[in-house]
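What follows is a single structure, written as structure tokens, with notes after it.
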Amino acid sequence: MSLRFFVFTIFPDFFECFKNFGIVNKAIKLGKVQIQTINLRDFTEDKHRTVDDVVYGGGPGMLLKPEPIFKAYDYIKTVSKNPYVIITEPWGRKFDQNFAKELSQKEDIVIICGRYEGVDERVKTIVDEEVSIGDFILSGGEPAATVIMDSTIRLLPDVLSEKESLTVDSFSDGLLGYPNYTRPPEFRGMKVPEVLMSGNHKLIALWRRFQQLKKTYEKRPDLLEKANLSVEDKKMLNYIYKGKDFEAYLKGEKID
Ligand SMILES: C[S@@+](CC[C@H](N)C(=O)[O-])C[C@H]1O[C@@H](n2cnc3c(N)ncnc32)[C@H](O)[C@@H]1O
């Protein structure tokens, strides 16, 4: 079974590059996901294929008209029994890893991409959820749709080759990821931490956990409040709060 995205947009070409590279392209080729762009202009009836109109009551800009969106939705209902409909909106529910996990469990998802000043409010009657990718204004919902689809597709079973890479990603267990290094072992005087070249997997796992906790404490302390922390994690955090390094924790240095 694969996840199907139906993206309502007035710029279908925007998604061609997105579909042709990396993990998303791999997932499409593996049959794990389908991304179908629905050109709203195909659901217009006038000769200019008009998708927008002026705002009632006055004011700047244009709005996406309801008719093409409703007609496109009627079409989707003929190919999907129960599509989950989201619309990109700056005031919507903030997109995050949990949201991506929820979407990765769905079968069919419609993403309505707003443009101009947005969409006619009546469109909201067919929408299950409004989604924001952050507190800033984009010119249209298309970049947000790619963000939403990319992070959801990564979570589909068997899309990433190493299952590992899912569990070490930031946010996968409520913490940020640990720092990584590749060859050479020394570059411009900067050395790879010796522990990573020690071959001692238990020690490496401890070091990585310590670094995850440290990074999360330094960059996103709010995440620690909700994270599922073990007794050992809390012990490491006590060292981190006191500004002590991994070696101090390992030696069991006394801290008050
Ligand atoms: C220029 S914006 C419209 C802004 C809107 N008039 C307002 O007052 O917030 C055009 C479209 O971009 C999309 N958009 C803008 N910012 C977004 C965000 N942070 N997250 C998700 N979608 C966004 C929405 O679909 C929106 O309808």
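The values are calculated or read from the model by the stated rules, or taken from the named source; none is laboratory data. None of these values were measured; they are calculated from a predicted model. Counting neighbours? That spans all protein chains shown, and the Cβs are built from the backbone with ideal geometry, glycine included. When the accessible area is computed, the model is the full protein with side chains, heavy atoms only, and any ligands, DNA or RNA have been set aside. Shrake-Rupley method; radii C 1.70, N 1.55, O 1.52, S 1.80 Å.
Averaged per residue, region 40-113 has 57 square angstrom of accessible surface, using a 1.4 angstrom probe with ligands and nucleic acids left out.
Between 0 and 90 degrees, the angle of helix 201-219 with respect to the longest Cα principal axis of the chain falls at about 60 degrees.
Under 22 Å of direct C-alpha separation, and excluding same-chain neighbours fewer than eight residues apart, Lys77 reaches these lysines: Lys32, Lys65, Lys106, Lys124. Placing unit charges on the Cβ atoms of the charged side chains and taking the dipole of the chain about its Cα centre, the candidate lying farthest along the positive direction among Tyr249, Phe99, Thr78 is Tyr249. Among the trypsin sites (Lys or Arg not before Pro) in region 137-236, those located in a DSSP loop and surrounded by at most 10 other Cβ atoms within 10 Å of their own Cβ are Arg188. Judged by the mean number of other Cβ atoms found within 10 Å, the most tightly packed of the peptides 13-22, 95-104 leads the ranking 95-104, 13-22. Between Thr37 and Val7, the built amide H atoms are under 5 Å apart, and every one of these is 5 or more places off in sequence or on another chain. Among beta bridges identified by DSSP and lying wholly in the chain, the antiparallel ones come to about 20 percent. Each principal axis of the Cα cloud of region 1-107 was taken in turn, and the coordinate range along them, longest first, works out to 46, 31, 29 Å.
Accessible surface calculations at 1.4 Å, restricted to protein heavy atoms, place region 130-256 at 64 Å² per residue.
Between 0 and 90 degrees, the angle of helix 231-241 with respect to the longest Cα principal axis of the chain falls at about 80 degrees. Each Lys and Arg adds +1 at its Cβ and each Asp and Glu adds -1 at its Cβ; summed about the Cα centre, region 174-246 shows a dipole of about 40 debye. Legend: residue pairs Lys191/Lys226; Lys191/Lys214; Lys19/Lys226; Lys191/Lys234, Cα-Cα distance threshold 24 Å; pairs beyond threshold, Lys191/Lys226; Lys19/Lys226; Lys191/Lys234. Packing, taken as the mean count of other beta carbons within 10 Å per residue, orders the peptides 31-42, 137-148, 105-116 from highest to lowest as 105-116, 137-148, 31-42. With all protein chains in place and a 1.4 Å probe, the accessible surface of region 3-153 carries 52 percent carbon and sulfur. Shape summary: the chain maps onto an equivalent ellipsoid whose semi-axes, from the alpha-carbon gyration tensor, are 46, 20, 16 Å in decreasing order.
Between the residues His48, Tyr116, Val33, the greatest Cα displacement towards the positive end of the dipole of the chain, with unit charges on the Cβ of Lys, Arg, Asp and Glu, is found for Val33.
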